[in-house]
Amino acid sequence: MAATLRWQTGAVTYYPGRAVVDLDAIAANVGRLRECAPTAQLMAVVKGDAYGHGLVPAARAALRGGADWLGAAQLPEALALRAAGITAPVLTWLYGPGAPLADVLRAGIDISAPAPWALAEIAAAARVTGTTARLHLKVDTGLGRGGSFLDTWTEMLHESLRLEAEGLVRLVGVWSHLARADEDGQPGVSDQIAVFDEAVRRAEAAGARVEVRHLANSAGTIAVPQAHYDLVRPGIAVYGLSPMPQTHPSPQVGLTPAMRVEADLHVVKGAEAGQGVSYGHTYVTSALTTLATVPLGYADGIPRRASNAAPVQVAGRQVRIAGRVCMDQFVLDVGDLPVAAGEKAVLFGSGSQGEPTAQDWADAVGGISYEIVTQIGPRVPRVYRGTGA
Ligand SMILES: *Cc1c(COP(=O)(O)O)cnc(C)c1O
């Protein structure tokens with residue numbers, strides 16, 4: 001069933017394009033990732049509207065596939081999981097001073113402390129709500145982003161343990177994030193592991209009884225067993241895409257891309273040789289041909305960089321986008337392929353039917369598969385397939 005779009009009224013849910021999400025693929029991918037990290041628990045990362053797949057349905061599918069935890073960057077995403085009735089452990093980590101942490105604690109959501117200021121705010125929220133915050137202390141082991149470097153780590157630890165003694169927090173986790181686990185040779189990963197081990201050692205020496213140490217993203221889950229610790233946090237791989245498409249393509253890892261984006265052909269018409277196509281005429285037909293318009297554009301999250309670059313499947317064949325991607329549509333030069341208005345164009349999918357994948361799109365536009373699926377806009381209905389749909 002198509003989700004009702006925010007700006008639609010009444011019973012009209014029609015849209016000429018859609019993202020079909022295979023929930024069974026998400027569940028199976030989680031199962032596969034559990035096999036990659038058999039001794040660790042698994043947190044399915046569902047930030048970014050579950051990488052564009054739809055937060056709640058994707059979260060439920062991941063849990064059905066064996067995920068123990070869910071991870072959401074933004075607080076509203078974590079709260080939305082609880083509002084949907086999901087009771088699994090949830091961790092959230094991205095917020096600024098003044099964030100509604102009391103709501104997070106009331107919802108029984110684990111919270112990260114990325115900097116010293118956050119500890120004071122978490123303690124205040126625990127006091128206000130009369131709860132004990134379940135805290136994951138973040139150490140920056142080399143990414144150079146969130147978390148405290150080792151120079152302020154000990155101070156963060158002591159403050160956390162002081163708050164724990166007061167009953168305001170329970171120091172549940174020590175965690176960090178990898179910078180380059182997806183690269184050939186994984187530069188810096190062993191250094192990050194060494195810093196992480198030192199951070200954990202100091203925590204234990206200070207008397208912390210940490211339940212979960214966690215460091216690995218998808219790349220770490222798939223390719224760095226030493227980074228698994230107690231819990232792994234895959235994101236992109238849950239959705240069947242590989243963070244390392246060159247060395248570990250998703251079919252080789254045993255992952256199935258869960259999102260297929262398709263649209264119904266709008267106008268199909270003959271065109272003479274020499275016809276300029278779409279804004280700027282950056283494509284010109286070279287022979288008598290057929291042009292077919294696809295009613296999805298950059299307002300739907302189709303990258304404008306896909307102009308004259310990305311492949312689309314029509315009538316069982318892949319053709320390249322002709323000319324510029326517009327706000328609502330783009331054009332294919334389909335030659336003499338037998339196509340008619342209303343037939344499906346598949347932008348990307350699992351690849352099992354000869355269609356391009358999100359990775360093919362990423363390669364075509366010079367990006368990463370993460371962007372391709374995450375940027376499919378809210379205007380595009382998500383249609384769910386599989387158990388639990
Ligand atoms: C996004 C994210 C992940 C998952 O990363 P993938 O590369 O998609 O597996 C894990 N941990 C944190 C902190 C993240 O922000």
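Please tell me the relative contact order of the stretch 139-185 in percent, rounded to the nearest whole number, where contacts are Cα pairs under 8 Å and at least six residues apart.
This gives 42 percent for the stretch 139-185.
The stretch 28-107 and the stretch 265-344 have Cα centres lying 38 Å from one another.
What number comes out for the charge environment of Thr293, summing +1 per Lys or Arg and -1 per Asp or Glu over other residues with Cβ under 13 Å away?
Result for the neighbourhood of Thr293: -2.
For the residues Tyr384, Tyr51, Tyr279, what sequence is obtained by ranking on other C-beta atoms within 10 Å, fewest first?
Listed from fewest to most nearby Cβ atoms, that is Tyr279, Tyr384, Tyr51.
Here the extension length gained between Arg304 and Ala120 equals 61.8 nm, from 0.36 nm per residue of separation less the Cα-Cα distance.
Within 10 Å of each candidate Cβ there may be at most 16 other Cβ atoms; applying that plus a DSSP loop requirement, which GluC sites (Glu not before Pro) in the stretch 140-212 survive? Mind dumping the intermediate values first?
Numbers: sites: Glu155, Glu159, Glu164, Glu166, Glu183, Glu198, Glu204, Glu211; in loops: Glu166, Glu183, Glu211.
When the GluC sites (Glu not before Pro) of the stretch 140-212 are filtered for loop state and at most 16 Cβ neighbours within 10 Å, Glu166, Glu183, Glu211 remain.
Using the reciprocal of the averaged 1/r over all distinct C-alpha pairs, how large is the Kirkwood radius of the stretch 259-385 in Å? Radius from the Kirkwood sum: 14.4 Å. Candidate cross-link partners of Lys269 among the lysines, defined by an alpha-carbon separation under 19 Å and a same-chain spacing of 8 or more, comprise Lys344. The amide H of Tyr384, built 1.01 Å from its N in the peptide plane, has Val21 as neighbours under 5 Å, considering only residues 5 or more places off or on other chains.
Volume per residue for the chain equals 147 cubic angstrom (convex hull of Cα atoms). Counting charges near Val210 (Lys, Arg +1; Asp, Glu -1) among other residues having Cβ under 9 Å from its Cβ returns a value of -1. Each residue of the stretch 120-136 was assigned a 3J(HN,Hα) from its phi angle through the Karplus curve 6.51 cos²θ - 1.76 cosθ + 1.60 (θ = phi - 60°); the sequence is 5, 5, 5, 4, 5, 5, 5, 4, 4, 8, x, 10, 9, 6, 8, 9, 10 Hz, with glycine and proline shown as x. Choose one of Leu75, Ala216, Tyr283: the residue whose Cα lies farthest towards the positive end of the charge dipole of the chain (beta-carbon charges +1 Lys, Arg; -1 Asp, Glu; about the Cα centre). Looking along the dipole axis, the top candidate is Leu75. The charge dipole of the stretch 259-385, taken about the Cα centre with unit charges on the Cβ atoms of Lys, Arg (+1) and Asp, Glu (-1), comes to about 220 debye, rounded to the nearest 20. Look at the alpha carbon pairs under 8 Å that are at least 6 residues apart: their mean separation over the length of the chain gives a relative contact order of 19 percent. Based on Cα atoms of the stretch 24-253, Rg over Rh with Rh as the Kirkwood radius reads 0.96.
Every number in this text was worked out from the coordinates using simple rules, so none of it is lab data. Remember, it's a predicted structure, so these values are computed and weren't measured experimentally. No Cβ is skipped: glycine too gets one built from the backbone with ideal geometry, and neighbour counts run over all protein chains shown.
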